[in-house]
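Q: Sharing a structure below in structure tokens format, with a few things to ask.
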Ligand code: TYC
């Protein structure tokens, strides 16, 4: 076997897959205070104040808004933490996680 055959086989085996990304989508409801939604977007999703205002207002007006995209496990963890934090205060805030 030639050197180039070995090189080809190695490069095939070490090829890395691009990780699939998932959208975290903020869903509107009639009860969660706007200020609390903004706090969650800043605290859990690390949006700055201007971004958090736009995302919250877009969800409020249109029903839903993409917050950000992450690898699946990160998206699910952030959405769950945010939903749980809202639930602890009695707010029905919801996020969905969807393939990009
Ligand atoms: N609609 C809510 C209200 O009027 C505020 C809100 C905005 C709630 C966005 C959820 O994803 C949301 N208090």
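Q: Could you give me the residue pairs with C-beta distances under 7 Å whose first residue belongs to the stretch 80-100 and is touching a residue at least 40 places away in the same chain (Cβ under 8 Å) and within 21 Å of residue 70 (Cβ to Cβ), whose second residue is part of a helix (DSSP H, G or I) and away from the ligand (no atom under 15 Å from the Cβ) wherever it lies, and which are 6+ apart or on separate chains?
A: Final answer for the pair search is 97/75; 97/76.
Q: Do the conditions hold for residue 67, that is, is it within 15 Å of the ligand (Cβ to nearest atom) and either closer than 25 Å to residue 19 by Cα or surrounded by 12 or more Cβ atoms within 10 Å (Cβ to Cβ) (or both)?
A: In short, yes.
Q: While we're looking at this one, here's another question. Sort out which residues of the stretch 23-60 are part of a loop (DSSP other than H, G, I, E, B) and more than 11 Å from the ligand (Cβ to nearest atom), and write them in order of number.
A: Start the filter on the stretch 23-60 by keeping residues that are part of a loop (DSSP other than H, G, I, E, B), which leaves 28-33, 44-48.
Once the filter is applied, which keeps residues that are part of a loop (DSSP other than H, G, I, E, B) and more than 11 Å from the ligand (Cβ to nearest atom), the stretch 23-60 yields 44, 45, 46, 47, 48.
No value in this document is a laboratory result; all are computed from the given coordinates. Please read all numbers here as calculations on a predicted model, not as lab measurements. Don't worry about glycine lacking a Cβ; one is built from the backbone with ideal geometry, like all the others, and counts go over all protein chains shown.
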